[in-house]
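Below: one structure, written as structure tokens.
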Amino acid sequence: MFRDLVKPLVLAGVLLTLAESVSAGPGSMFYCCTDANGKYVCGDILPQSCYGRGYRELGANGRTLREIGPPLTVEQRAQRAADEETRRQEEISHKEQQLKDQVLLDTYVSLEDIESLRKRALDSARKYINDAEARITEIKGIRKKFEDEAEFYKTKIMPPEIEKGLSNTAFEIRAQESIIESKKKEIVTLEAKYDDDRQRFLELQRKTTSAKKPQNNTIKPQGTIKPQ
């Protein structure tokens, strides 16, 4: 208990001494800290023993105006920078998600809209696949003619038009196969996209419904008072 009384008494004594020695105007301030030896020191300018330590700014009436913590260590500065970067990235992600959610709500009115657009996109991709497969069948028929003609020139010099026909048809078949492969990957991507859109749309609907749902704050009676 004695120790608890000492610190306020020391502070009061320090302030009294400062008040007597300094002509304190309306805007005067004092700076106080606990030095390396555990002593409470104050001054109308920051005492040298307070350098590199936390201190308090006090008004002329002795009231604390603000507290300044000690300088951060290298590790603390690095941690603070990392924390600030994390918060910044979280804010960016939050804003991006808000924008995506708004676009989603502007695009779809209902789950039926999602499924309708899914079907339209998938039908378009499948049509490309069907058209490419039909074209490959057609090209193979043309190529068969060049292959049959090439049989007569196994031991002879093949005419340029036959070589060109075989080369062109082989190239076009590969091109159509590339279209098919690309569209099959697109279908997988589209399915995943509309699945995600559907799930997020349902989540936003639940949040909206929950926000609009009125809360029941009615206080139930504890009992019935019988008339005497």
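The values are calculated or read from the model by the stated rules, or taken from the named source; none is laboratory data. On a predicted model such as this, the values are computed, not experimentally measured, just so you know. Positions of Cβ are generated from backbone atoms using ideal geometry, with glycine treated the same way; all protein chains shown enter the neighbour counts.
Could you count how many residues in the range 46-61 are surrounded by fewer than 11 Cβ atoms within 10 Å (Cβ to Cβ) and hydrophobic (A, V, I, L, M, F, W, C)?
0
Hey, among Ala211, Ala192, which residue is at pLDDT 95 or above, out of contact with any helix residue (DSSP H, G or I) (no Cβ under 6 Å at 6 or more places or on another chain) and assigned to a helix (DSSP H, G or I)?
Going through Ala211, Ala192 in turn, the sole match is Ala192.
Test of understanding: among Tyr108, Tyr51, which residue is under 30 Å from Arg198 (Cβ atoms), hydroxyl-bearing (Ser, Thr, Tyr) and out of contact with any Pro (no Cβ under 7 Å at 6 or more places or on another chain)?
Residue meeting the stated conditions: Tyr108.
Which residue pairs have Cβ atoms under 8 Å apart, sit 6 or more places apart or on different chains, and have a first residue in the range 113-140 that is under 17 Å from Glu191 (Cα atoms) and a second that is not in a helix (DSSP H, G or I)?
These pairs meet every condition: Ile114/Tyr108; Leu117/Tyr108.
Given (1) loosely packed, with under 11 Cβ neighbours inside 10 Å; (2) farther than 22 Å from Ser116 by Cα; (3) at pLDDT 85 or above, identify the lone condition not met by Ser182.
(1)
Hey, can you tell me all the residues within the range 62-92 that are over 38 Å from the mean Cα position of the chain (by Cα), assigned to a loop (DSSP other than H, G, I, E, B) and surrounded by 10 or more Cβ atoms within 10 Å (Cβ to Cβ)?
Listed by number, the list holds a single entry, Gly62.
Residues that are acidic (Asp, Glu), surrounded by 12 or more Cβ atoms within 10 Å (Cβ to Cβ), touching a helix residue (DSSP H, G or I) at 6+ places or on another chain (Cβ under 6 Å) and in a helix (DSSP H, G or I): does the range 150-169 have at least one?
no
With respect to Thr137, is the statement that it is part of a helix (DSSP H, G or I), outside the structural domain of Glu203 (by TED's automatic domain parsing), at pLDDT 95 or above and not basic (Lys, Arg) true?
no
Report, ordered by the first and then the second residue, all pairs with beta carbons closer than 8 Å, sequence separation of six or more or different chains, a first member in the range 153-164 that is free of Cβ contacts under 8 Å to residues at least 12 places away in the same chain, and a second member that is part of a loop (DSSP other than H, G, I, E, B).
Tyr153/Pro159
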